[in-house]
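Contents: one structure, followed by commentary.
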Amino acid sequence: MSLEISRVCSAISPSPTLAIDAKAKEMRAQGRDVISFCAGEPDFVTPAYIRDAAHEALDKGLTKYTPASGTMDLRRAICDKLLRDNGLSYTPAQVVVSNGAKSSLFEVFSAILNPGDEVLIPTPCWVSYPEMVRIAGGVPVFVEGKPEKGFVTEACDLAPYVTERTKALVLNTPNNPNGCIWNRAQLTEIAALAVEKGFYVISDEIYEKLIYDGEEHVSIASLGEAIYSQTITINGMSKAYAMTGWRIGYAAAPLAVAKVMGSLQSQIASGSNSIAQYASVRALTAPEGAEEIEKMRTAYDARRRHIVERLNAIPGIRCMMPKGAFYAMMDVSGLFGLRDGDVEITDSMTLAAQLLEHADVAVVPGKAFCTEGYCRMSYATSMESIDRGIDRIERFVASLTGREAR
């Protein structure tokens with residue numbers, strides 16, 4: 001009998017964002033004043049009307065198991081939301097509610113992938129996509145986004161990577177980690193490619209409500225019947241409604257895919273938290289929802305402009321203005337070759353480590369997002385913390401010594 005641990009699971013890389021944030025919290029527990037720009041989590045408290053709904057659910061005793069794919073009330077509310085906001089017509093049978101959008105994504109990959117199937121992943125990309133694909137038996141195929149295109153990967157960039165084994169494309173707009181947005185024309189061309197070549201589009205739209213400068217969010221599934229039938233739309237309550245800890249995400253998919261996802265979830269999770277589902281119905285249907293979202297979006301917008309302006313004032317750092325989400329990616333390649341004492345800054349990992357150790361500032365290295373030369377900073381934190389953190393980065397950069405002669 002073998003006591004060997006699963007090779008697949010042993011090969012999983014821990015989430016770099018969570019690992020760095022955990023390290024920052026550990027340092028804080030030791031008494032250090034660490035400012036973290038790591039976590040992809042709103043700093044706002046879940047709005048009161050949603051919290052009140054949770055108390056109401058408890059008072060009603062709604063603490064039992066729900067249907068594996070989610071309560072009918074929540075799935076109907078999600079269908080109404082998708083029609084109202086995204087122009088997408090789904091039935092409750094096509095919707096699967098999961099324990100956060102992360103679980104929704106994993107269930108999608110598990111439902112559609114067979115061993116060796118390829119999944120196109122434009123970079124920079126969220127850290128969990130490649131690992132989820134591998135766990136599900138698939139092969140991540142990275143398509144490098146170009147800075148000169150704002151990191152938006154177009155159909156012409158994707159086409160050379162499509163093979164007979166291509167099963168899906170992961171599309172994340174607005175994007176984590178750099179906030180770029182695919183516009184209607186770009187999505188129309190990608191939809192045509194997907195239909196022509198016959199692969200799914202997994203459209204991660206979790207940041208759809210956090211868009212700036214008059215940009216438009218377009219759901220690719222809304223661009224025609226053919227692409228609708230090949231798209232799985234992912235969304236959830238975490239970002240727009242400041243409900244990260246409530247763990248409610250959802251997928252809207254072709255019926256055959258939704259059925260497999262529901263069966264999978266029935267075996268591995270039974271379903272999602274009953275209280276959180278009840279509160280999510282209120283979040284999606286209450287009239288004050290739009291106003292609460294706009295308050296948060298407006299605050300993020302002000303922070304976005306401020307953090308980019310301050311970063312671009314630091315010699316050796318450049319930062320593009322993000323159009324969505326709550327992240328900025330700073331180009332730190334101009335600091336490579338400089339030294340922090342005996343340590344040469346050779347890559348984003350080294351820089352992030354030195355910033356944390358010697359400046360008490362936590363950022364996520366671009367390598368985690370398959371894009372070297374950059375570091376991600378979340379501006380889902382107070383303006384005061386942003387200023388204090390960038391003050392420290394500014395001092396740290398000023399302290400770096402010259403490059404050695406080569």
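The values are calculated or read from the model by the stated rules, or taken from the named source; none is laboratory data. All values derive from a computational prediction rather than experimental measurement. All Cβ positions, even for glycine, are placed from backbone atoms using ideal geometry, and neighbour counts span all protein chains on display. Note: accessible area is taken over every heavy atom of the protein model, side chains too, but ligands, DNA and RNA are not part of it. Shrake-Rupley method; radii C 1.70, N 1.55, O 1.52, S 1.80 Å.
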### Message
What whole-number distance in Å separates the alpha-carbon centres of the range 63-108 and the range 225-243?
### Response
9 Å
### Query
Between GLU372 and ARG84, 0.36 nm times their residue separation minus their Cα-Cα distance comes to what?
99.8 nm
#### Entry: the range 7-100 - percent of accessible surface contributed by carbon and sulfur, probe 1.4 Å
54 percent
### Message
Need one value: the accessible area of MET349 in square angstrom, 1.4 angstrom probe, rounded to the nearest 10.
### Response
100 Å²
### Task
Using a 1.4 Å probe over the heavy atoms of the protein chains, calculate the carbon and sulfur portion of the accessible area of the range 258-320 as a whole percent.
53 percent
### Summary
With -39,500 (n - 2.57) per DSSP H segment of 4 or more residues and division by the full residue count of the chain, the 222 nm estimate, nearest 500 deg cm²/dmol, is -12500 deg cm²/dmol
### Query
What's the center-to-center distance, using Cα atoms, between the range 4-20 and the range 23-38 in Å?
23 Å
### Query
Given Cα pairs under 8 Å that are at least 6 residues apart, what percent is the relative contact order of the chain?
22 percent
### Message
Can you sort ARG388, ARG305, ARG297 by solvent-accessible area, 1.4 Å probe, largest first?
### Response
ARG305, ARG388, ARG297
## Note on the structure
Once all protein chains are kept in place, ARG134 shows an accessible area at probe 1.4 Å, nearest 10 Å², of 110 Å²
### Task
Report the label-to-label distance for ALA226 and ALA185 in nanometres (one decimal), using points 7 Å from each Cα along the Cα→Cβ vector.
2.1 nm
### Message
Expected output is a single nm value to one decimal: the length gained when fully extending between LYS146 and THR350, i.e. 0.36 nm times separation in residues minus the C-alpha distance. What is it?
### Response
71.1 nm
### Query
Between SER6 and GLN30, what FRET efficiency follows from the Cβ-Cβ distance if R0 is 35 Å, with the result rounded to 0.05?
0.55
### Query
What do you reckon, how do VAL95, VAL8 stack up by accessible area (1.4 Å probe), largest on top?
VAL8, VAL95
### Query
Would you list TYR250, TYR278 from the most to the least accessible area, probe 1.4 Å?
TYR278, TYR250
### Of LYS23/LYS239; LYS167/LYS239; LYS23/LYS81; LYS167/LYS259; LYS323/LYS367; LYS81/LYS167, those spanning more than 30 Å from alpha-carbon to alpha-carbon
LYS23/LYS81
### Query
Hey, got a sec? Which GluC sites (Glu not before Pro) in the range 116-183 land in a DSSP loop and have at most 10 other Cβ atoms within 10 Å?
GLU164
## Note on the structure
Here the FRET efficiency for ALA269 versus ALA398, based on Cβ atoms and R0 = 56 Å and rounded to 0.05, is 0.65
## Note on the structure
For TYR327, other-chain or 5+-apart residues with amide H closer than 5 Å (H placed, Pro excluded) are TYR379
### Task
Specify the inter-centroid distance of the range 144-173 and the range 269-313, based on alpha-carbon positions, in whole Å.
28 Å
### Message
Rounded to the nearest 10 Å², what accessible area does SER266 have for a 1.4 Å probe in the complete protein model?
### Response
50 Å²
### Query
Excluding ligands, DNA and RNA, what is the solvent-accessible area per residue of the chain at a probe of 1.4 Å, expressed in Å²?
43 Å²
